[in-house]
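These notes are about the structure you will find just below.
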Amino acid sequence: MYNFVNVKVVSAGLTITATDATSDHLPTNISPGTPDEEGRQFYYRPVRRRETKWDLYCTKLGAALARELKKANKNIVINNEVLTDLPEGYKLFEHVKHYVHEPKKY
């Protein structure tokens, strides 16, 4: 059984009021940098609020959280099953894999 005391149901969606985030867990390679000897570049691109990917993750996470809230409390009413924001200190990153020597696919 989960403890949901740190989740508020608001008209805009679900707000998480507590966090366990620390900057120690954020990626440090967030720009393309120099390709390695095989022409590969791997880095983490910060996803900005309201990008398509951001909205997708907040929608999926909100739906999963709403499902668990409804299991715990059958009488709860959640009109908007989306996270209003990520918990404080959390950030969303896209893992970018770029191969310099491969032709682009259109």
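See the values below:
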{"quantity": "Check on residue 42, over 14 Å from residue 85 (Cβ atoms), part of a strand (DSSP E or B) and not charged (D, E, K, R)", "calculated": "yes"}
{"quantity": "Residues that are more than 26 Å from residue 63 (Cβ to Cβ) and among the acidic types (Asp, Glu), drawn from the stretch 1-52", "calculated": "24, 36, 37, 38"}
{"quantity": "For residue 24: the one exception among (1) modelled with pLDDT under 90; (2) in a loop (DSSP other than H, G, I, E, B)", "calculated": "(2)"}
{"quantity": "Counted residues, the stretch 60-89 - those being in contact (Cβ under 8 Å) with a residue 24 or more places away in the chain and outside any loop (DSSP other than H, G, I, E, B)", "calculated": "7"}
{"quantity": "Selection within the stretch 2-31 - in contact with a Leu (Cβ under 9 Å, 6 or more places away or on another chain) and more than 21 Å from residue 55 (Cβ to Cβ)", "calculated": "2, 4"}
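The values are calculated or read from the model by the stated rules, or taken from the named source; none is laboratory data. Since the model is a prediction, treat every value here as computed from it, not as a measurement. Using ideal geometry, Cβ is built from the backbone for each residue, glycine included, and neighbour counts are taken over all protein chains shown.
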